[in-house]
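In what follows, a structure is listed as structure tokens, so that the remarks can point back to it.
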Amino acid sequence: MTDSKKRRLSMLDGLASTGAPATPGSMMSSNRALRSARDAVDAHHVWDLDPAEIDDDRFADRLDPQDVLDLRASIEQNGQTVPILVRRHPTETNRYLLVYGRRRLEAIRGSGKLGKVRALIASLDDSAALRAQVSENTGRRDLSYIERALFARELLDSGFGSQAQIAEVLNVTRSAVSMAVSVAKTVGPDLARAIGPAHGIGRPRWEALAKDLAETRPDPADLSQIAQAARDAAAGGARTDDSEEPDTDPSVAAFDAVVRHLKKGSPARRGTKARAKTTPLVIGGSVAGTVRKSNGAVRLDLTTVEEGFADWLDGQAQSLIEELHARWKSGS
């Protein structure tokens, strides 16, 4: 095998190792999907394609795509070192469907200096293309928890497959997919988009937020406005509410703002007992005690009475309570 061909064969393998290392199981799965995509590449040749010939109809896997301006400047200066991956359109000739490389494609589309995008063309069906897309993102750990959760829900709602099949594609357990889909449904796409990807906010905090949302049932539109306002403020370098971090990721600031709002607005719904009702009892113009009612119980406290009256009341309590109950029953 020539050195040139070896280099072409290794292009896709190199994509799997970009960024932070993944866990062993995740890396094995990513390599397997990417190697399958590599093996499907036509003649392992890098093509120069017109960006206008490439469509992107993939499942959305990002809430807040990164700005491509810096990437565009880098490609214009240094060239496109890593090709994108496309597959042939199933019904239209000379057209292609993007498998992955959206940011590179958008950077070149918006460039006035670059007219072609370097691409590998693979023969992949929908399932294989999706696996390659997921594996490339998973290998680079680009997707946040809520992005993965929304992605899993979209796959499920679209009829792509069962939770078990989606778990296999995402390289997670079925229970993880079930919980992620539940979180995505509770949070909802509108609030999730208003918050953003919130990298660094992991599964436990999203699950806690989903639980609070299910218990308090706030107005989603109000929460979205709160999230967007906090995000805009953080993006502009301003502090929001009582945030102690001026340079917080805007989407993390939005997440925290929503959590704070729910905590401030729902003390009773977080398990706080209802305040007991207390009524003073007056004898001869002076307060002699209280009647305290709470949770279906009534407590009578007489703290300032003559000892003789206290002794008499102690002996008459049973007959008095029966008399009072009978008067209540008769409505008199």
Per-peptide average of other Cβ atoms within 10 Å, ordering 155-165, 196-206, 223-233 highest first: 223-233, 196-206, 155-165
Out-of-range pairs (alpha-carbon distance over 25 Å; input Lys264/Lys293; Lys277/Lys329; Lys185/Lys263): Lys264/Lys293
By average C-beta atoms within 10 angstrom, highest first, the peptides 188-195, 144-151: 144-151, 188-195
Long-range amide H partners of Ala288 with built H, under 5 Å: Leu281, Val282, Ile283
Under-5 Å amide H pairs with Tyr100, H placed in peptide plane, nonlocal only: Leu85
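Where a number appears in this text, it was derived from the coordinates with a stated rule and is not lab data. None of these values were measured; they are calculated from a predicted model. All Cβ positions, glycine included, derive from the backbone under ideal geometry; neighbour counts span all protein chains shown.
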